[in-house]
Structure formats: structure tokens, C-alpha cells
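In what follows, a structure is listed as C-alpha cells, so that the remarks can point back to it.
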Amino acid sequence: MTLVSLSDVGVDFGATTLLSGVTVTIGAGQRWGIVGRNGAGKSTLLKVITGALVPTRGSVARQPNLRIALLDQHRDFGAAATVWDAAAAGWKDVVALEQSLADQAMQLAELGEQVTDAILERYGRDQERFAHMGGYDYHARVDAVLQGLGFDPVDARARPLASLSGGERGRVGLAAQLAQPADLLLLDEPTNHLDLDTIDWLQGYLADLDETVLVVSHDRAFLDDIADHVLHVEARTAVAYRGGYSSFVTQRAERRMALDRQVEQQRKFIAKEEDYIRRNLAGQNSSQAKGRRSKLARLPRLSPPPGEAGAMALTLEIADRGGDQVLVAEKLSVGVGERTLVRDASLVARRGDVVALVGHNGAGKSTLIATLLGERAPQAGEARVGGSITASWFRQDLADLPLDKSIYDCIQDVRPLWARGNIQSHLGCFGFSGDEVFRSTSTLSGGERSRLALALMVLQKANFLVLDEPTNHLDVESIEALEDAIEDYEGTVLMVSHDRAFLRELATRVWAFDGTRLEDFPGPFAEWEQRAAQRQAERDGVAAQAAKAAREKEQRAQAAKQAEQKAAKSKGGDADRRTKQRAADAAERAVQERETAVAELEEALGEMQMATGADAGRRRKALEHELAAARRALDGALQAWTDAVEAVEAAK
């Protein structure tokens, strides 16, 4: 079933054409990865799909009543006050209905027997609608998503949204989109601000979703794992490919080779036809030459495949070789306030190492880097940079970039003797060309700021590069250019990244956070991943066995308790029955005694009927009173015996 279909869609902004001739069909249950250069039009394409932007040309068809959830790069939480409220923003209609049902329930309780049929009917209809809208499930769904993205669902109900950091707000925005009921989920750079473990969770969550998913991402490993289609936005159009990212790379290369051959064949054909026309236009074959000229004029020209214009072309050089021991930490402890992030770490980075520093968000990676480079004092131990080592730090927040200068001036401050041509040539290697170099840094996008920071880093020619999330805002082509530069780099690299493809390609050593311990793994990131997965599987297995053993122990204890209770009940029941039987027997004997007493009094009274005299009269009256009392006692004994017999029957 088709959810969205774009046919020959084009988008213009003034005289500039951003997209043209885009045709794609998105089916139910498909997983699409959308890739392309920064500024190519990926986010614009998402707006066209949602209907937020009407295309200049072409048509867009959507399934009626299609529910679309869009996670854009700019999170807006509306009036939400807490983290949980923000994550549940997509359920606002259900939340309102839930409150209405609570108010109606109170009204029903207040009215009591005076409630009308109309009120009851409305309450029933709203309950059915609440169930149909997922009202009994949405709390669990929001909680599960928050838990997966690293939030405590209970704490999230009271935690103010205003207390979150930028990265945490990004994760809350992602939670809101994932928890929202939708048929089509559109995610724009969802892995930004996520650590490796959370990315793994997100992959699993998306794999289990029934919804159709479209993801704009520069994370190649993520796209390889989740996508079954790739839409490549390039040269003002978009081309669809089947398969994950790796399959897309192969198909794109084959497509470009085929197009190159077709263009070359057409070029040769045109040259041959033009030569024929020149030689025969004024001769005997003039009519044929004119006919060929007319056909040639109508022939659609094939365009060569687009190149990589605007992609970075950087080379990382070193001014000095430096020593073999680049960075040394001895029994280093790092902390913030009373909290210890790293305890007793002893590490060595040697010349030529490419070290991946990995850990969950909040583990303290940036704080550790600042301590290793001497910008923060350690809690204990020592960290030092080796002799003749010059470090250059690419900060995640790009705080070193000035906000009040032009791109051109940033380079000129570092290279004051360079001519204008040298500066523009250098900036051209990082995708800045023409008058664009005179833009203020305050107007730059995240990707442009990252490229400028790299342009400045290259000029330092440091022999020790510290890269803290360098790929966060770069497109795939720029990431691949950075990979190539690092592979050829002769210095040492310490890097933090959530891009697993980037780490797999480059890292020769891994420093991994394990609580407050820092593990030094002397091997590539791919091997560390395998080992970490095995260790996690072992931990999960041990935990599962422990949980199973605990359940079995609890079951045995519960069974023993139930058996004990049953035995006690059985024992107590037998004793109770014996007690009640004895009471019944005693009651029966009491009845017999009362019956005997009544019989004796009746016989005595009968004998006194023949007696005369005053004493005999008094004696008869006394016997009558005694007989009446004996009969009342007999009635009571009979009732007591009846009750005792019933109690015995009930205890059986």
C-alpha cells in the first residue's frame, strides 16, 4: 500500500532551483534512509512530504487521514512543563479525553441515583473512544521510550523541562516523536546527541515498529542497519535505491559508471554526426546532412554524473614529529564536584595511535579530555602530554570559533601574511567559495561551523589531534574526506564519536568507560565491539540465570509456604472439626438431660393431681413453675444442639 507518492516534484526559492524532477513512491512498512550533502534539500524534501511546503512543480499524493510524525532539527515542546509531558505531546487529544473521563466519573459519583441515561451514554461512548485511541497503552509506550533514551520515567513526570541540557532536550524531542501515534515517522538526524548504546536501542526500536520510517542521517552504520531503501539527494534531484547504505554505495558507483559510458558514447555519436554534417552540407548529400542536423538538434543531451563539488579536500600535516609517548596518565582520577568520573586510570597513547574514547552520555568524556590536556586539575594522579607534542582540540561545542568575524578574517588572523588568493583557496578546500567567505560566523549552520573549525585546525599542523564529536554536523562526503585525511595523518589522534562507521574505519585502540574504570583495549574498534557484545551477552546470560534462579527460589519458597499453610489449615481444620463435634455431642447430652428433667417433672406433676390439701396445692404450683422452666431450658438446649450440628456440617 502506498502512503506517499511524489511525481516530478520541483521546489524553487526565488530564482534558485533547489529540487527538480523528484519522483518517488513510499510504501507501507518501508524503511528509507535519505542522504546527501548539507544544503542539498533533504529537510526541504521532508517538508514537501508532510505538506508543510507546497512544491513549485509536480504533485504529491498522500493516503487519506495519514498520520505523520516529524522530528525536525529544531525541537519545539509547546506548553509542556515536564519531561514526561513533552514526551507525551503527541497524545494530547488522548490526555484531554482522559481528563474528561475523570471529570465525568466524579460527576457520576456525585449524582448517584439521579444520573440520567444521557450522561451514562456519553460516558460509555467516551470510554470506547479512549480505548480505540490507545488510551490504555500510551502511558506504557511513553515510559518505554523515555527509558530507552536514558530517562527515568518516574523522575520524568516531575523533572522540569527547563532543567535539561541541549543534548537532553534533543533526546526528549526524539522521545516525543517515537512515542507519538503515527503511520509515517520522519526523523531528521536522530542520532545526534545519542551515545552508542542508545543508538543500538533506537535501531532495535525502529526495527520493531509497524510504522513506515524515513530517516535523514549521516550515520552510515545506522542507515545500513535500519534502511531497506535509500534516497540520494544530489544535483537538485533525488534518486531511489533498494537496500541499505552499503548497497546504495555500490549501486551508485555502478550507476555513475554506466552513465559515464552513455555520455561518452553519445559524445562520440554527436562528434561523428557533426563531422558528417560539415562534410556533406554543401555537397550531393546535402539533404541527408540537413536531416541529420535536424535530428541532432532534437537529441536530448545526457549530463555527466555530478561530481563532488563543494566536498572537503583536506590534508592533515604535522610540523614536528614529536616524541613516541604522546599522552601519559598515571593513576589518574577525574571528577566534577563530589562525583568521581574516572578512578585510578593508567593510560599511554603512542605516536601513530588513533584512540577511540567511548562511553555513554554523561560518563565524562569531554571532562576527561580537558583533564588529559591540562585544562582541568585531576582529583588525583597525573596526566601529561609528551615532549615536543603540540595538541589541537576540536571541541564538540565549537566554543573556540569567534562569533563576530567573517570566515575570511578567521583564517587571516592565523595566517596574516597570506594573500587573499591563498586564503580563498584554503577555504575552498572546505566548501567555502566566492563571496561566501565574507559571511559572519554568527550566521553559519552547524555543518559550516564544523568545516571552518577543521580549516583552522589544519593550519596548526599539530602532531596530536583531539577530536570531540567531529562528525556531528558533517555530511557523509565530508566525513569520508575527514576519514581519508586521518588515515594519511602521521601524528596521533584521540577522538570521541558516536559514528560507528567512522570509528570502525579509523580506531586502532579503544579507551572505554566502564563505570568509573577506564578500560584500555589494544585493538581496533570493530574487535572491541565484538568483545563488548560478547561480554554483554555473558552479563545478560548471567543476569538471566540469576533471575531464573531467583524466580525458581521464590517459586519453591511460595510452594513451601502454600504447603505449610495447607497443612496448617488441614491440621487446624481437623482440630476445629473435632472441637465442633465435641460441642455438638455436649449439646446433644444437654438435650437428653433436659428431656429427662422435663419427663420427671411431668410424672411428678401427674402424681400430685390426686393429692389434696393446702400443701398439695402449693406443691403442684411449684412443680408447674419448675416444669415451665425445664421446658424453656429444653427449647434452648435443642436450639444449641441444632446450631452445633450445622457447624459440624459446615466444617466438613
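The values are calculated or read from the model by the stated rules, or taken from the named source; none is laboratory data. These numbers come from a predicted model, not from an experiment. Counting neighbours? That spans all protein chains shown, and the Cβs are built from the backbone with ideal geometry, glycine included. Remember, those area values only see protein heavy atoms, side chains included, never the ligands or the DNA or RNA. Shrake-Rupley method; radii C 1.70, N 1.55, O 1.52, S 1.80 Å.
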Discussion item. Below 8 Å between Cα atoms, with a sequence gap of 6+, how large is the relative contact order for the chain in percent?
Written reply: 12 percent
Discussion item. Could you compute the net charge surrounding Ala455? Neighbours are other residues with a C-beta less than 14 Å from the C-beta of Ala455; K and R count +1, D and E count -1.
Written reply: 0
Worksheet item: Can you give the percent of C-alpha pairs in region 317-360 whose distance is more than 11 Å?
Response: 75 percent
Discussion item. Just to confirm my numbers, what's the Cα centroid distance between region 365-395 and region 251-320 in Å?
Written reply: 55 Å
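Between Lys553 and Glu527, what is the FRET efficiency for a Förster distance of 56 Å, r being their Cβ-Cβ separation, to the nearest 0.05?
Values: r = 38 Å, r/R0 = 0.69.
Here the calculated transfer efficiency is 0.90.
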Discussion item. Tell me the angle of helix 138-148 to the major Cα principal axis of the chain, expressed in degrees between 0 and 90 and rounded to the nearest ten.
Written reply: 50 degrees
Response to the item:
Rounded to one decimal in nm, the spacing of the 7 Å Cα→Cβ label points at Ala633 and Thr596 is 1.2 nm
Response to the item:
Which of Lys42/Lys268; Lys47/Lys405; Lys268/Lys290; Lys42/Lys461 exceed 28 Å between C-alpha atoms? The answer is Lys42/Lys268; Lys47/Lys405; Lys42/Lys461
Worksheet item: If you take the Cα atoms of the chain, find Rg, then find the Kirkwood Rh from the mean of 1/r over all pairs, what is Rg/Rh?
Response: 1.31
Worksheet entry | Under 20 Å from the Gln147 label point (7 Å along Cα→beta-carbon), backbone N, region 355-382 | 361
Worksheet item: At a 1.4 Å probe radius, carbon and sulfur cover how many percent of the accessible area of the chain?
Response: 49 percent
Item to complete: Output the peptides 164-176, 470-482 sorted from most to least packed, where packing is the average of other Cβ atoms within 10 Å over each peptide's residues.
Response: 470-482, 164-176
Item to complete: Kindly provide log₁₀ I(q)/I(0) values, in the same order as q = 0.17, 0.21 Å⁻¹, from the Debye equation applied to equal alpha-carbon scatterers of region 118-254.
Response: -0.99, -1.27
Discussion item. Could you give the length gained by full extension between Leu296 and Ala61, i.e. 0.36 nm per residue of separation minus their alpha carbon distance, to one decimal place?
Written reply: 80.9 nm
Fill in: Fully extended contour minus Cα-Cα distance, from Gln265 to Ser445, at 0.36 nm per residue
60.6 nm
Discussion item. I'd like the projected area of region 1-143, averaged over all directions, using the convex hull of its alpha carbons. Report it in nm² with one decimal.
Written reply: 12.8 nm²
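222 nm [θ] for the chain, helices only, -39500 (n - 2.57) per DSSP H run of 4+, per residue, to 500?
-17000 deg cm²/dmol
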